[in-house]
Amino acid sequence: MWKKEDVKSQGLPENGPGISTGSPAIGSVPRPPSTSVPVSAGVSACISQGIRIKGEVTGTEDLFIDGYLEGKVNLSSGSLTVGPNGEVKADIFAREVIVRGRVDGRIVGREMIQLWSTGNVAGDLQTERLTIEDGAVLRGRVEIETGKPIDKHTEARAAVAGTAKGGVVSVSSGSAAV
């Protein structure tokens, strides 16, 4: 017969294996300590390095992809993070998109797109705010839509900030082609 004392003698938490008083809420995805997901990311779902998906991914939660995904991604109110080992061949629509791996396809980040130094994107970007770290690779067009009119001086400065490694920058009304 099982007793509460048996659990203590095995060195497991009082509530049983995998259950502790500080455990995440039911329905959330616990992250093992070895994952490359930042603890502060607040990720609800994860496609890890050994997973390959072909098809359409839709949802409203945040998603971390460190595996392979081909198709379409639509996270209407969530954010998408492509991890350093992630490879995505898809058109992406999300509230925020963070690229640390490789993306081939169009990216629409309604509020923000971030390209980390390890990021590599081949495709067009459309967003309100764009951050490109030194070392990131971007091949495509960038369209910034703020919802409010901006003058040519501000627009040109935003376009040049996105091409720190050189290249050709052309500025037209509301977009910068890199």
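The values are calculated or read from the model by the stated rules, or taken from the named source; none is laboratory data. On a predicted model such as this, the values are computed, not experimentally measured, just so you know. So basically every Cβ, Gly included, is an ideal-geometry build from the backbone, and we count neighbours across all protein chains shown.
Results, tabulated for the structure shown:
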quantity	calculated
Residue within the stretch 66-73 that is among the aliphatic types (A, V, I, L, M) and modelled with pLDDT under 50 present	no
Some residue of the stretch 53-64 being farther than 25 Å from residue 145 by Cα, touching a Cys at 6+ places or on another chain (Cβ under 9 Å) and touching a residue at least 24 places away in the same chain (Cβ under 8 Å)	yes
Check on residue 65, among the hydrophobic types (A, V, I, L, M, F, W, C), over 16 Å from residue 137 (Cα atoms), touching a Gly at 6+ places or on another chain (Cβ under 6 Å) and surrounded by fewer than 18 Cβ atoms within 10 Å (Cβ to Cβ)	no
Filter result (within 15 Å of residue 83 (Cβ to Cβ) and of a type in the set (Lys, Arg)) within the stretch 98-135	100, 102
Test: residue in the stretch 36-53 that is touching a Lys or Arg at 6+ places or on another chain (Cβ under 8 Å), surrounded by fewer than 21 Cβ atoms within 10 Å (Cβ to Cβ), modelled with pLDDT of 95 or more and of a type outside the set (Ser, Thr, Tyr)	no
Only listed residue being of a type in the set (A, V, I, L, M, F, W, C) and crowded, with 17+ Cβ neighbours inside 10 Å, chosen from 122, 136	136
Top-ranked residue in the stretch 91-113 [being surrounded by fewer than 24 Cβ atoms within 10 Å (Cβ to Cβ) and among the aliphatic types (A, V, I, L, M); ranked as nearest to residue 62 (Cα to Cα)]	98
